[in-house]
Structure formats: C-alpha cells, structure tokens
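What follows is calculated from the coordinates using simple rules that are stated; it is not laboratory data. Bear in mind the structure is a predicted one, so any value in this text is a computation, not a measurement. Every residue, glycine among them, receives a Cβ derived from its backbone with ideal geometry; neighbour counts consider all protein chains shown.
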C-alpha cells in the first residue's frame, strides 16, 4: 500500500453466499467481523440458534483470490441480521488468511463515515468502557445509510454487550476535526449518553474482549484509550455524574 496517500483507506463491504437447507442460498453483506465470527445483514432470518450454515466469499470474475467456503454456527438472530461463530479454529484461520476485504475506498473522498458510540452510565458502577485487544474505547458502531441512529446503536449494544434496557439522556459530543482519530478514520464521531439499570455485561459479537466500569477518574491513568478526546469525554462524565475530581 502506498504510505504517502493523503487520506486513510477503508475496506469495501464483503459479500457472502450464505447457505442453509431452510433458505437454499442467499447473498448477504458482512456488517462487522471479529476473531470469533461475523455479523451479516439478513432481515428476519429463519435460522434456529446453534444451527449450522456455510458461507462462501464472493469475488469478482477477474479476482483470482481464493473463495473459501466455511462452516459457521448461528449464535444470534435479530430483526436485521445474524451473528455467526466460526465452527472450528481451522475455519477461522481460513477466513482470516484469505485476504478478505482488500478492496478500498478513500475516507473523506469516496465516502462519509459516521461513527456513533454510547457513554453508558450506571448509577453505582460508573461509566462503561470496552477494549478490543489493544486500546480502550466507548462501545459503538458505524451508521449505515438509511438507518435510524438510535435503533442502530441500541441493536449493536444489545448484540455486543447484552445491554438492552437503556434510557437515552443526551448527545454529549460531536466532532469532525481531522485530528480526531477515534474510532478508525471516522469522518464524524458522535457520543450519546445512556443510563442503564443493570451493570451486567455479556460480551458478544462486538469484537470486544474486555469491559470495565469506571466510577473514579483515577482509574483512567492506567488505561490506554483509542484517542485523547475519548478519554476526555469519559473523564468529564465521571466527574460530572459521580462528583469525583481527577
């Protein structure tokens, strides 16, 4: 890749052929992926939990890259799509080694990416932050064209964290500054504040491997955040809601 490009690059959506006896086959798009599986757009899918499906990567006629077929397990079904887990380590390895999603667009030139995240606050536990292997962040997702921002974010938080009873409070922060790098190359970043009545968090299809509730700004010193701006938003919320000074 040319390191001298002016703008960051993002991957084009990956298309799959999804096969199961109940549907035959269908072409679906991948919303997101992690080490453990995928989430694909498929409204009102008829699958039962833990049933087996196969996915085959779709390529263009002139694309010589491999088109692996991988067995997967249905881990979650909701109104908009299906969460799939790799059925085996070999399947996961095959997926991640197949150069899937290599085609690119130029951020800010070919596309406008809106990323929205949630500052989830529990009255006693504090503010929820999550980690995706390397850095801490607020949980969130990209907004696709035609989606309701609130519905899209709520569905993601339910699938990724098991947080399905959230009360929206306000939009805390918006930023389109070129210096803001959180999350990955978003053109516009939004932070919405929600209150939850439960501190129970179940990590699901969001790609997060750790989560933590913070009720003191002192704890921020030991965490490496995806960007200073996100840390500042979290710190301000903790100070405002729990009356604890940094």
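Taking label positions 7 Å along the Cα-Cβ direction at both residue 44 and residue 164, the computed distance is 1.9 nm, reported to one decimal. How far, in nm, would the chain grow between residue 124 and residue 216 when pulled straight, counting 0.36 nm per residue and subtracting the alpha carbon separation? Once the chain is fully extended between residue 124 and residue 216, it gains 32.0 nm. Full extension of the chain segment joining residue 240 with residue 89 gains 49.8 nm, where the gain is 0.36 nm per residue of separation less the Cα-Cα distance. The fewest-to-most ranking of 133, 71 by surrounding Cβ atoms within 10 Å reads 133, 71. When each of 205, 169 is scored by the number of other beta-carbon atoms lying within 10 Å, the sequence from fewest to most is 169, 205. Size descriptors for segment 185-246: radius of gyration and Dmax over Cα atoms are 13.0, 34 Å. Cβ-to-Cβ counts within 10 Å put 115, 42 in ascending order as 115, 42, the fewest first.
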